[in-house]
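Participant: This is the structure I have questions about; it appears just below.
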Amino acid sequence: MSFAKKIQKIIELEEAEQTDPWSNEDIRPVPEERQTWRPLQYIELWFLVNMNLSTYTTGASLLASGLTLAQAIIVIVFGNLLASGFAVLNSVSGAASHLGYPIVSRSVWGMYGSYFPILNRILLSVVWYGVQAVFGGKMFYICLRSIWMDIDTRIPNTLPEGIGITSAQFVGYFVFNVICCGLIWFKPGQLAPYFHIGSVLVSIAFICLLGWACGTTSGYGDVWKQQTSMSSSELAWKILSGMMAVIGSISAGILNQNDYTRFAKKISHVTWSQAISFNLSSSVVAIIGIVVTAATQQRYGDGTALWDLTGLFAAIQDQGGPRARAATFFLGVAFIISQCSINVVGNVLAGGLDVASVFPRWINLRRGAYILAALSVLPNPWQQIASGSTFISVLSAYAVFIGPMTGLLCVHYWIIQKRRFHVPDLYQGSKRSVYWYNYGINWRTCVAWVCAVLPSMPGFVSSVNSNLKVGLGASHLFSLSYVLGFVLAALFSWILHVVFPYDYQEVTELETQAMVIEGVTSDPPPIEEYNGNTKEVNSTSVEVPEEKRV
């Protein structure tokens, strides 16, 4: 065997997984024996995904924008109500068809066109994984510091100043990534025990933190007393902008929630369970962040609000004794579990499925997840965080592009395709597929997405570069970015499919007849999904002329 053949044998998946260039085991519909997720799993999933350090500091950005405490809480609650609604609306198609986000995208964008939204989701997975890994690494550093207070002396800093991380913290970052790599080995359906244990531990940790902060405070800081001098009109737009920021921070998770709802046993298991757990977990944790920061501001921050939980724990260790250090250690372990959840479950496993859909012959979900974890180092996430809150704001503002993508998925499933998928065609990369459209791309979807993104683009550019000023109208449009993009994309897509109709059922029947004529349908009828019910497709009987019979 030649060297090239040996290399190919190593990197290609097992023959059993190599069905064709458009499919492998991880991206095919979830078989019935693996459809085991019930409401409890989705409740625990969102508790783990939302109970993290990023959600905890949500209040910081809202108060920094000039909102009062009461106004920030209103923004948090109503922003999460909207976000949970979008999450449920977009996730039903996965529970009904047992298909993941990359495959559902093929029905919307076309077989080749789907690469665009998939690559966008891969990019977000890489960047967000790196950011959350830095947060998790710093919390691991806090655990090490609770044991060895002189850890910065034991591991002297040899990294450049101002990059956002020290050598000791980088050790924590490395160990955190090793832990994540261990969890990546398991497929999503195998993580139920982790959900059970992790959600309970993290919930207890937040309750203990809140109780301790309120029970031992010597006075609340000025976080409670912050006032606003904005006019009523300016305040209204600031509240709307804050809601979009809340949605934007979890917009990538909303987009690909099908990757998890495809494991649902019933459609009803993903509706009320997600609606309640999403809003409850995210809102409660953000409000806890505000209360704990206010309660510890005078005692540990000397009047400065310590929004960063790792900074607060370090101050507690410096001012407290062995008991305080032990408390920060055990709380730190719980928050490491929560960071592993948002990183592994929310980022790389979903992103790994996206990579598997792009290169199904060589990459499965597990390989894709490891590739994304490795690539997350390239953007130097610790340095991006050190540059201030601008980087996180830009990531949240990326919802300008994600909102329309989510709107397209929803309008196609609920209205245009009438909750129906022709599953075999989703794995057929040729003109025989009903989802081939024009040269593998659904131009209607592309036009609708561009039209939905354009109104918010000036505001997005200004948010990336504050030196570029835009008019008040453009700023207001950006304040509605996610909802505006979602609605416009859905509306334009629906209009284009009405003006330029595409009959999915008729095209499927014509292609079936063509395959009969060409002698392709010698195998049993394919399997097709209608509203989550698997059934055989009865091929239309066609009289084949003698000269065309094979």
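The values are calculated or read from the model by the stated rules, or taken from the named source; none is laboratory data. In this text the structure is predicted, and so the values were computed from the model without any measurement. Counting neighbours? That spans all protein chains shown, and the Cβs are built from the backbone with ideal geometry, glycine included.
Participant: In segment 358-370, which residues are buried (at least 19 other Cβ atoms within 10 Å of the Cβ) and either within 20 Å of V171 (Cβ to Cβ) or at pLDDT 85 or above (or both)? Explain how you work it out, then say what you get.
Facilitator: Within segment 358-370, the subset buried (at least 19 other Cβ atoms within 10 Å of the Cβ) is 360, 363-365, 368-369.
Result: G368, A369.
Participant: How many residues, within segment 132-180, are touching a residue at least 24 places away in the same chain (Cβ under 8 Å) and part of a helix (DSSP H, G or I)?
Facilitator: Selection size over segment 132-180: 28.
Participant: Can you find a residue that is over 23 Å from the mean Cα position of the chain (by Cα), on the phi > 0 side of the Ramachandran plot and modelled with pLDDT under 85 anywhere in segment 290-300? Lay out the reasoning, then the answer.
Facilitator: Applying the first criterion (over 23 Å from the mean Cα position of the chain (by Cα)) to segment 290-300 yields 290-300.
Right, trim to on the phi > 0 side of the Ramachandran plot and you get none.
No, the conditions are met nowhere in segment 290-300.
Okay, residues lined up against (1) out of contact with any strand residue (DSSP E or B) (no Cβ under 8 Å at 6 or more places or on another chain); (2) at pLDDT 85 or above; (3) aliphatic (A, V, I, L, M):
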{"residue": "Q384", "(1), (2), (3)": "yes, no, no"}
{"residue": "S396", "(1), (2), (3)": "yes, no, no"}
{"residue": "G403", "(1), (2), (3)": "yes, yes, no"}
{"residue": "S430", "(1), (2), (3)": "yes, yes, no"}
{"residue": "V447", "(1), (2), (3)": "yes, yes, yes"}
{"residue": "F460", "(1), (2), (3)": "yes, no, no"}
{"residue": "S463", "(1), (2), (3)": "yes, no, no"}
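Participant: While we're here: S93: polar (S, T, N, Q), on the phi < 0 side of the Ramachandran plot, out of contact with any Ser or Thr (no Cβ under 9 Å at 6 or more places or on another chain) and crowded, with 24+ Cβ neighbours inside 10 Å, yes or no? Before the answer, list the steps.
Facilitator: Details: polar (S, T, N, Q): yes; on the phi < 0 side of the Ramachandran plot: yes; out of contact with any Ser or Thr (no Cβ under 9 Å at 6 or more places or on another chain): no; crowded, with 24+ Cβ neighbours inside 10 Å: yes.
In short, no.
Participant: So which residues in segment 227-259 are part of a loop (DSSP other than H, G, I, E, B), closer than 14 Å to L124 by Cα and not polar (S, T, N, Q), if there are any at all? Working first, answer last.
Facilitator: Step one: list which residues in segment 227-259 are part of a loop (DSSP other than H, G, I, E, B), which gives 227-231, 249-250, 256-257.
Subsequent filtering for residues that are closer than 14 Å to L124 by Cα retains 249-250, 256.
Within segment 227-259, I250 is the sole residue that qualifies.
Participant: Between residues in segment 90-112 that are outside any helix (DSSP H, G or I) and among the hydroxyl-bearing types (S, T, Y) and residues that are surrounded by 24 or more Cβ atoms within 10 Å (Cβ to Cβ) and modelled with pLDDT of 95 or more, which pairs lie under 7 Å by C-beta distance while being six or more apart or on different chains?
Facilitator: If the second residue must be surrounded by 24 or more Cβ atoms within 10 Å (Cβ to Cβ) and modelled with pLDDT of 95 or more, no pairs are left.
Participant: Only one of I151, I147, I179 is among the aliphatic types (A, V, I, L, M) and in contact with a Leu (Cβ under 6 Å, 6 or more places away or on another chain); which? Don't jump to the end; show me each part of the working.
Facilitator: Numbers: I147 fails: in contact with a Leu (Cβ under 6 Å, 6 or more places away or on another chain); I179 fails: in contact with a Leu (Cβ under 6 Å, 6 or more places away or on another chain).
Of I151, I147, I179, the one residue that is among the aliphatic types (A, V, I, L, M) and in contact with a Leu (Cβ under 6 Å, 6 or more places away or on another chain) is I151.
Participant: Among (1) within 17 Å of I250 (Cβ to Cβ); (2) crowded, with 23+ Cβ neighbours inside 10 Å; (3) modelled with pLDDT of 90 or more, where does V104 come up short?
Facilitator: If we test V104 against (1) within 17 Å of I250 (Cβ to Cβ); (2) crowded, with 23+ Cβ neighbours inside 10 Å; (3) modelled with pLDDT of 90 or more, just (1) comes out false.
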